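The values are calculated or read from the model by the stated rules, or taken from the named source; none is laboratory data. Values in this document were obtained by computation on a predicted structure and should not be read as measured data. Here the Cβ positions follow ideal geometry from the backbone for every residue, glycine too, while neighbour counts run over all protein chains shown. Surface areas here come from the heavy atoms of the whole protein model, side chains and all, with no ligands, DNA or RNA. Shrake-Rupley method; radii C 1.70, N 1.55, O 1.52, S 1.80 Å.
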Amino acid sequence: SLILFLFLIVSAHCAFFTFLISGELNKAHIIKKSLLRENVKLRIIENRLILTSKGEISDGIVCSYFKDLIGLKKSGATSHVQILDTYVKKTIGFYEFGWFCSDVMLKLGLIGTVIGFIIMLGSLANITTFDVTLLQGVLTTMGSGMGVALYTTLSALVTGVLIAIQYFNLENGCEELFSVLNQISEVSIDSSL
């Protein structure tokens, strides 16, 4: 039950950041498509990022990145790589937590397996005679210990794999977001200023 509880918490964490990155990715694609059209520009007016064809861009990673990038370009900088790396490092924590939790799930499964075997083998210590009724109790205890071992291992493996799949998708979303931001920075942003 501890493994399933942790799985629900970690899945909620992943769902939150997947939703956040999905929204940011949508904003980045809108900006990319808009900047390809003529007379569309990104402007900072009263500390708000404005896309002339769509209006104000809501706060978030994309908005902060372009505010910083436009300020950097206006001050005469030619490269955007350092600022992009800063934003990449901020989002690494979104999915690194998931890889850590996936590994923890497997270790919890191993702990449960060891506990199950201890329960199973602990019942053998009580055997002093070869009594049929005593052996029935021992076999029942051994069966429950083996059940703990196998169910814990199964639940840990399944939840660990599901967490890994979720965070793999989140990591891909983050990589795609920064790929789009890099494309905009190299191709479209200079003509937008």
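Tabulated data for the structure shown
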read-out	value
Relative contact order (%) - criterion: Cα under 8 Å, at least six apart; region: the stretch 81-193	38
Packing-based order for 37-43, 56-62, 139-145, using average beta carbon neighbours within 10 Å, highest first	56-62, 139-145, 37-43
Max mean-square fluctuation residue, GNM over the chain, Cα-Cα springs under 10 Å, options L106, L150, L135	L135
Normalised per residue, the volume of the convex hull around the Cα set of the stretch 1-144 (Å³)	141
Sequence ranges 152-165, 109-122, ranked by mean other-Cβ count within 10 angstrom, highest first	152-165, 109-122
Potential extension, D103-S64 segment - 0.36 nm per residue separation minus Cα distance	10.8 nm
Where the stretch 1-97 is the region considered: accessible area per residue in Å², 1.4 Å probe	60
Within the chain, helix-based [θ] at 222 nm, where runs of 4 or more DSSP H residues each add -39,500 (n - 2.57), nearest 500	-27500 deg cm²/dmol
For the stretch 62-193: rounded, prolate or oblate by the Cα gyration tensor [a/c cutoff 1.5]	prolate
Relative contact order of the chain, defined on C-alpha pairs under 8 angstrom at six or more residues apart (%)	34
Those residues of the stretch 11-49 whose amide nitrogen sits under 19 Å from the label point placed on K74, 7 Å along Cα→Cβ	40-49
Förster radius 41 Å - calculated FRET efficiency between I111 and N26 (Cβ-Cβ, nearest 0.05)	0.50
24 Å Cα-Cα reach of K27 towards lysines, excluding residues that sit fewer than 8 places from it in its own chain	K41, K54, K67, K73, K74, K89, K90
